[in-house]
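Below you'll find the structure, written out as structure tokens, and then a few comments.
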Amino acid sequence: MYGNDFTAPDEGSREPAEDRLAEFERLLETEGRVEPRDVMPDGYRKTLIRQIAQHAHSEIIGMQPEGNWISRAPSLRRKAILMAKVQDEAGHGLYLYAAAETLGADRGELLDMLHSGRQKYSSIFNYPTLTWADMGAIGWLVDGAAIVNQVPLCRCSYGPYARAMVRVCKEESFHQRQGFEILHTLSHGTEAQKAMAQDAVDRWWWPSLMMFGPTDDASPNSAQSMAWGIKRFSNDELRQRFVDMTVPQAEVLGLTLPDPDLRWNEERGSYDFGEIDFTELFEVIKGNGPCNKQRLAHRVRAHEDGAWVREAADAYAAKQARRTSEVA
Ligand code: BYC
């Protein structure tokens, strides 16, 4: 579907491959943006489709753990905020699927790949949300990790992805603050509320660190993605940045992070932290996390239940197209 080595969606040109590659290389060297009609190596296109699709899938599957608490939010204000946040995640999914389409991908096919387990989504959304404090921990830690990961993607070499990230990051920043505020309220409340906040942080800390992916030496895609200017920093660099940013915030919250090895390293100017259980990450990625089956089954059901909306939209579009051609 995505053609030979150097193909553009319009497929019109017969220029020799080397010339076309030179233009792509020049764009990367000058920090220019690669746009949908530009020629690009097939591997670049495929890598972007893989990453953007996984990212889009994460956004829409990511609606489930929080959607679980909309009906049980402790006040009308909290409910309105949570609904807005979950809607934002749906919007992020839309921007990202649209960005993948600019590369020639078909949205329906991407969804099929998600539903049949052929494409991944972030490991983090396979953990359950057991208490209201989990809404705080997700906002603070999961959206916090997402911001650290996604701010550099605003400078991604592929224009449509980079531009989508600008708005996504602004919204994630609001999400992170609302999570922090939930935890701040709980950690300054009753003993039971503080314990609930601490328990949520204890459960979400390590999975949040895993969101950044395997260590650099075990990350098969990083080197090429960095050479192509898709990723700007490695998984370990971003993970370290997240830890350094989060520890002082935990102090403000009066909560502890569940890692006895966490301490400031004067020499490195960063926090040292304990070993991450990557076996757990790989098990979750393989489909064996606590909620993988539930998340996917719910997504497939929602997709099937929504078939009539897609059919109605198609019928309306066809009617509009007929009218336009009749007028013409
Ligand atoms: N979970 O070579 P690597 C959000 C896979 S949405 C699952 O390092 P790469 C939010 C990886 O895909 C957050 N799979 O890969 C939404 C690769 O598999 P394949 C989502 C993971 O791509 C709602 C293999 O492991 N954010 O924040 O260079 C509510 C080897 O890894 C994970 C994004 O998607 C994982 N954690 O780097 C609230 C950001 N980690 O494809 C919040 C965009 C790794 O080779 N994506 N894998 O079979 C990225 O920045 C990069 O794709 C990653 C991985 C850093 C995630």
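Would you pick out the residues in segment 104-121 that are not in a helix (DSSP H, G or I) and not aliphatic (A, V, I, L, M)?
Gly104, Asp106, Ser116, Gly117, Arg118, Gln119, Lys120, Tyr121 - these are the residues of segment 104-121 that are not in a helix (DSSP H, G or I) and not aliphatic (A, V, I, L, M).
Please determine, by comparing only the residues of segment 61-78 that are assigned to a loop (DSSP other than H, G, I, E, B) and away from the ligand (no atom under 13 Å from the Cβ), which one is surrounded by the fewest Cβ atoms within 10 Å (Cβ to Cβ). Please lay out each step first, then the result.
The initial filter retains those residues of segment 61-78 that are assigned to a loop (DSSP other than H, G, I, E, B), namely 62, 68-69, 73-75.
Next, from what is left, pick out any that are away from the ligand (no atom under 13 Å from the Cβ): 73-75.
Working: Ala73: 18, Pro74: 13, Ser75: 8.
Among residues in segment 61-78 that are assigned to a loop (DSSP other than H, G, I, E, B) and away from the ligand (no atom under 13 Å from the Cβ), the one surrounded by the fewest Cβ atoms within 10 Å (Cβ to Cβ) is Ser75.
Among the residues of segment 254-273, is any in a helix (DSSP H, G or I) and without any contact (Cβ under 8 Å) to a residue 60 or more places away in the chain? Lay out the reasoning, then the answer.
If we filter segment 254-273 for residues that are in a helix (DSSP H, G or I), which is where we start, we get none.
No, every residue in segment 254-273 fails to be in a helix (DSSP H, G or I) and without any contact (Cβ under 8 Å) to a residue 60 or more places away in the chain.
For segment 163-182, does any single residue satisfy the condition of being assigned to a loop (DSSP other than H, G, I, E, B) and within 13 Å of the ligand (Cβ to nearest atom)?
From segment 163-182, those assigned to a loop (DSSP other than H, G, I, E, B) are none; that's our starting set.
No, the conditions are met nowhere in segment 163-182.
Residues in segment 65-104 that are more than 16 Å from Gly139 (Cβ to Cβ) and within 18 Å of the chain's Cα centre (by Cα): how many?
Going through segment 65-104 one residue at a time, the tally reaches 11.
Would you confirm whether any residue within segment 277-292 is of a type outside the set (A, V, I, L, M) and away from the ligand (no atom under 15 Å from the Cβ)? Before the answer, list the steps.
So the first thing to find is which residues in segment 277-292 are of a type outside the set (A, V, I, L, M), and the list is 277-280, 282-283, 286-292.
Next, from what is left, pick out any that are away from the ligand (no atom under 15 Å from the Cβ): none.
Checked against the condition, which is being of a type outside the set (A, V, I, L, M) and away from the ligand (no atom under 15 Å from the Cβ), segment 277-292 yields no hits at all.
Inspect segment 202-209 for any residue being more than 30 Å from Gly67 (Cβ to Cβ) and surrounded by 15 or more Cβ atoms within 10 Å (Cβ to Cβ) and give the result as yes or no. Outline the logic, then answer.
Step one: filter segment 202-209 for residues more than 30 Å from Gly67 (Cβ to Cβ), giving none.
Checking segment 202-209: not a single residue is more than 30 Å from Gly67 (Cβ to Cβ) and surrounded by 15 or more Cβ atoms within 10 Å (Cβ to Cβ).
Mind checking which residues of segment 37-54 are more than 10 Å from the ligand (Cβ to nearest atom) and either surrounded by fewer than 17 Cβ atoms within 10 Å (Cβ to Cβ) or aliphatic (A, V, I, L, M) (or both)? Reasoning before the result, please.
Of the residues in segment 37-54, the ones more than 10 Å from the ligand (Cβ to nearest atom) are 37-46, 48-49.
Of everything in segment 37-54, those that are more than 10 Å from the ligand (Cβ to nearest atom) and either surrounded by fewer than 17 Cβ atoms within 10 Å (Cβ to Cβ) or aliphatic (A, V, I, L, M) (or both) turn out to be Arg37, Asp38, Val39, Met40, Asp42, Gly43, Lys46, Leu48, Ile49.
Of all residues in segment 200-223, which are within 20 Å of Ser187 (Cα to Cα) and among the β-branched types (Val, Ile, Thr)?
Residue satisfying the conditions is Val201 alone.
Which condition number in (1) within 14 Å of the chain's Cα centre (by Cα); (2) buried (at least 16 other Cβ atoms within 10 Å of the Cβ); (3) more than 10 Å from the ligand (Cβ to nearest atom); (4) aliphatic (A, V, I, L, M) is the one that Ala133 fails?
(1)
Suppose we filter Leu48, Leu114, Leu110, Leu76 for residues that are among the hydrophobic types (A, V, I, L, M, F, W, C), at pLDDT 95 or above and touching a strand residue (DSSP E or B) at 6+ places or on another chain (Cβ under 8 Å); which single one remains?
Numbers: Leu114 fails: touching a strand residue (DSSP E or B) at 6+ places or on another chain (Cβ under 8 Å); Leu110 fails: touching a strand residue (DSSP E or B) at 6+ places or on another chain (Cβ under 8 Å); Leu76 fails: touching a strand residue (DSSP E or B) at 6+ places or on another chain (Cβ under 8 Å).
Among Leu48, Leu114, Leu110, Leu76, only Leu48 is among the hydrophobic types (A, V, I, L, M, F, W, C), at pLDDT 95 or above and touching a strand residue (DSSP E or B) at 6+ places or on another chain (Cβ under 8 Å).
Checking Arg239 against (1) surrounded by 21 or more Cβ atoms within 10 Å (Cβ to Cβ); (2) in contact (Cβ under 8 Å) with a residue 40 or more places away in the chain, only one condition comes out false. Which one?
All conditions pass for Arg239, except number (2).
List every residue pair whose Cβ atoms sit under 6 Å apart, with the two residues 6 or more apart in sequence or on different chains, where the first one lies in segment 51-62 and is in contact (Cβ under 8 Å) with a residue 12 or more places away in the chain and the second, anywhere, is near the ligand (Cβ under 6 Å from one of its atoms) and open to solvent by less than 20 Å² (accessible area, probe 1.4 Å).
So the pair list comes out as Glu59/Glu89; Gly62/Glu89.
Go through segment 55-83 and give me each residue that's in contact with a Lys or Arg (Cβ under 7 Å, 6 or more places away or on another chain) and charged (D, E, K, R).
Across segment 55-83, the qualifying residue is only Glu66.
Residue-wise test of (1) over 22 Å from Arg241 (Cβ atoms); (2) open to solvent by less than 60 Å² (accessible area, probe 1.4 Å); (3) in a loop (DSSP other than H, G, I, E, B).
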{"position": "Glu283", "(1), (2), (3)": "yes, no, no"}
{"position": "Pro290", "(1), (2), (3)": "yes, no, yes"}
{"position": "Leu296", "(1), (2), (3)": "yes, yes, no"}
{"position": "Val300", "(1), (2), (3)": "yes, yes, no"}
{"position": "Trp308", "(1), (2), (3)": "yes, no, no"}
{"position": "Ala317", "(1), (2), (3)": "yes, yes, no"}
{"position": "Arg323", "(1), (2), (3)": "yes, no, no"}
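Identify, please: which residue in segment 209-253 is in a loop (DSSP other than H, G, I, E, B) and among the basic types (Lys, Arg) and is, among those, nearest to the ligand (Cβ to nearest atom)? Quick ask: steps written out before the conclusion?
Narrowing segment 209-253 to residues in a loop (DSSP other than H, G, I, E, B): 211-215, 219-221, 228-234.
Okay, now just the ones that are also among the basic types (Lys, Arg), so 231-232.
Details: Lys231: 6, Arg232: 10 Å.
Going through the qualifying residues, I end up with Lys231.
Which of the residues belonging to segment 92-112 are open to solvent by less than 50 Å² (accessible area, probe 1.4 Å), away from the ligand (no atom under 11 Å from the Cβ) and at negative phi? Steps first, please.
Kept after step one, since they are open to solvent by less than 50 Å² (accessible area, probe 1.4 Å), are these residues of segment 92-112: 92-93, 96-100, 102-105, 108, 110-111.
If we keep only those that are away from the ligand (no atom under 11 Å from the Cβ) too, we end up with 97-100, 102-105, 108, 110-111.
Tyr97, Ala98, Ala99, Ala100, Thr102, Leu103, Ala105, Gly108, Leu110, Leu111, listed by residue number.
The values are calculated or read from the model by the stated rules, or taken from the named source; none is laboratory data. Computed from a predicted model, the values in this text were never measured in an experiment. Backbone-built Cβ (ideal geometry, glycine too); neighbour counts: all protein chains shown. The accessibility values were calculated without ligands, DNA or RNA, using every heavy atom of the protein model including side chains. Shrake-Rupley method; radii C 1.70, N 1.55, O 1.52, S 1.80 Å.
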